[in-house]
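Structure first, commentary second.
The values are calculated or read from the model by the stated rules, or taken from the named source; none is laboratory data. Source: prediction; values computed, not measured. Don't worry about glycine lacking a Cβ; one is built from the backbone with ideal geometry, like all the others, and counts go over all protein chains shown. Remember, those area values only see protein heavy atoms, side chains included, never the ligands or the DNA or RNA. Shrake-Rupley method; radii C 1.70, N 1.55, O 1.52, S 1.80 Å.
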Amino acid sequence: MYNRVDAGTIAALARIVGEENVLAGPQHAEMLERYTHDEVVGLAADPEVVVLATSAQQVSDVMRLAQAAHVPVTPRGAGYGLSGGAVPVCGGMVLSLERMNRILEIDRGNLMVTVEPGVITGDIHRAVEAEGLLYPPDPASLDSCSIGGNIAEGAGGPRAVKYRVTKDYVCGLEAVLPSGEIVNCGGKLVKDVTGYNLTQLLVGSEGTLAIVTKIILRLVPLPKVRVDLLVPFDDFQAAINTVAAIIAARILPTAIEFMEQDSVLAVEQLLGREIQFHDAAAHLLIQLDGNRQEAVDADFEIVGDLCLEHGGRDVLVAKDVRTRDRMWEARRKIIEALKHASPINHMEDVVVPRSRIPDLLAGIKEIAGRRSVRIVCFGHAGDGNVHVNVLKDDMPEDRWHPLLPLLSEEIYRLALGMGGMITGEHGIGVTRRNYLGMALSPAQIDLMRGIKATFDPNGILNPGKVFPDA
Ligand SMILES: Cc1cc2nc3c(=O)[nH]c(=O)nc-3n(C[C@H](O)[C@H](O)[C@H](O)COP(=O)(O)OP(=O)(O)OC[C@H]3O[C@@H](n4cnc5c(N)ncnc54)[C@H](O)[C@@H]3O)c2cc1C
């Protein structure tokens, strides 16, 4: 379907980006390895060439060349995705944006920051916080993933409960179309209804419509007061019911994260140190913020009381940076720790209306029991998004492989039956594309295919992603 990358194409790429920014052949075998995969366990494919671009013009020239040569192009940020989006499943070229990593401007007058796509998300946080501003989306991978990857995946994070997700902060994008044309959508604007909203169409398009080369993000004032609570529960379901009770009390914490005991124990093993209350069935990690100490304290009192009324064993409070970093370290390390505990595992990312979280988790426990498989849940309980980790442990291969698709289908059916969706923040990519039809109607999928064909009539940008085989 596509042409191979030949010596002429490699020479032309070197003329565009410089020889040192083109990786191909046995002399680069070691460096090429990291571009074969993202963070999905067991998914890898070899690129024929990796190109490291440093400007939008270079990206544009590379796309024109790829069109002429009919070679597929897979855009890549930091490779920390969890749905295989950056894996070059059709071979061809990986176009890495990692070297376009400058924060171009922090505009205090307009409360906006302009960045290149390869900037690590945590670096944006630190840069704007130094100016008394906040960029709220905070994927747990924030010190590893890039903002371009966040835009492409529509990333979320713990603070989505109060501040929502990446799409809510994207005001403007510069992007290179598969044809090589550079377009600018939106800008430093709070309002803009000029034509269809192309900016938001590109957010969450998983690198299949265009390559983002510049991003304008909205900022908010940095809240002056923050408090973090860790609450252990002896009963798993009681912890989950508390989440619904907090939301029903009309308090909107910044974050409500949920970790069940197996995930806490896995982190303990990874870090090699004891985690407080590791014998509890589940932990809730709750963050509150605001500008007035009294207001935050009042919410904190109510939330603390609700936790204790619902069976919380204790309420640990972190008011200083060191204690709260320790509290959050456990949460941020869970994915790594589960991989450490069971190197072969599979993660789902379902989302339901937040009031249905107790039903979702009860349903998942039922599936795990009936199928005799270890499933560990953690995640963003406050916004309805739960990460469901199926661990292989020592299950024989011939049981694991046929079981996985059955489990995925059952978990999706459960979430969809509650008005949910099959992925809240990790995207469809490769891993969920064959299930898209469970979640969307044929008419919806046809519309999306039409949009894809309009942007990319020759299908060279990130093929093999999002859509099931026709
Ligand atoms: C430990 C861990 C914790 C995580 N926690 C969260 C979390 O809390 N919330 C969450 O939402 N996700 C989370 N993730 C998933 C992941 O970090 C996000 O999906 C992130 O947005 C990926 O960014 P990246 O730069 O690594 O993208 P990559 O993996 O490099 O690419 C992801 C997709 O974006 C496309 N892409 C990348 N850059 C561009 C660009 N400039 N233009 C167009 N397309 C592009 C790629 O083609 C691919 O389809 C986590 C992952 C890990 C490993």
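Details
- Shape of the range 1-108, Cα gyration tensor, a/c cut at 1.5: oblate
- Dipole magnitude for the chain: computed about the Cα centre from +1 point charges on Lys and Arg Cβ and -1 point charges on Asp and Glu Cβ, it is near 880 debye.
- The chain, accessible area per residue, ligands and nucleic acids excluded (1.4 Å, Å²): 42
- For the pair residue 29 and residue 401 in one chain, pulling the backbone fully straight at 0.36 nm per residue adds 130.9 nm over the alpha carbon distance.
- Evaluated with a Cβ-only charge set (Lys, Arg +1; Asp, Glu -1), the range 18-131 carries a dipole of roughly 200 debye about its Cα centre, given to the nearest 20.
- Cα shape, the range 302-391, gyration tensor, a/c 1.5 rule: oblate
- In this structure, residue 234 and residue 325 have a Cβ-Cβ separation that, at R0 = 41 Å, corresponds to a calculated FRET efficiency of about 0.95.
- Between the helical axis of 7-17 and the longest alpha-carbon principal axis of the chain there is an angle of about 70 degrees.
- Relative contact order (%) - the chain, alpha-carbon pairs under 8 angstrom, separation at least six: 15
- Selected from 269, 221, 252, residue furthest toward positive end of dipole (the range 202-283; charges at beta carbon): 221
- Order of exposure, largest accessible area first, which applies to 169, 163 with probe 1.4 Å: 163, 169
- Heavy-atom accessible surface of the chain: percent carbon and sulfur, 1.4 Å: 52
- The candidates 108, 432, arranged from most to least accessible area with a 1.4 Å probe in the full protein assembly, appear as 108, 432.
- Under 11 Å, Cβ to Cβ, from residue 224 - net charge with Lys/Arg +1 and Asp/Glu -1: +1
- Helix-derived mean residue ellipticity, 222 nm - over the chain, DSSP H n ≥ 4, -39500 (n - 2.57), to 500: -11000 deg cm²/dmol
- Counted charge near residue 407, where neighbours are those whose Cβ lies closer than 15 Å (Asp, Glu -1; Lys, Arg +1): +2
- Pairs of lysines in the chain (C-alpha under 13 Å apart; 8 or more residues apart or interchain): 4
- Karplus-derived HN-Hα couplings along the range 405-416 (A = 6.51, B = -1.76, C = 1.60, θ = phi - 60°), whole Hz, x at Gly and Pro: x, 5, 5, 4, 4, 5, 5, 5, 4, 4, 5, 4
- Take every Cα pair under 8 Å whose residues are at least 6 apart in sequence, average their separation, divide by the length of the range 1-67, and the relative contact order is 37 percent.
- Each principal axis of the Cα cloud of the range 375-420 was taken in turn, and the coordinate range along them, longest first, works out to 35, 20, 8 Å.
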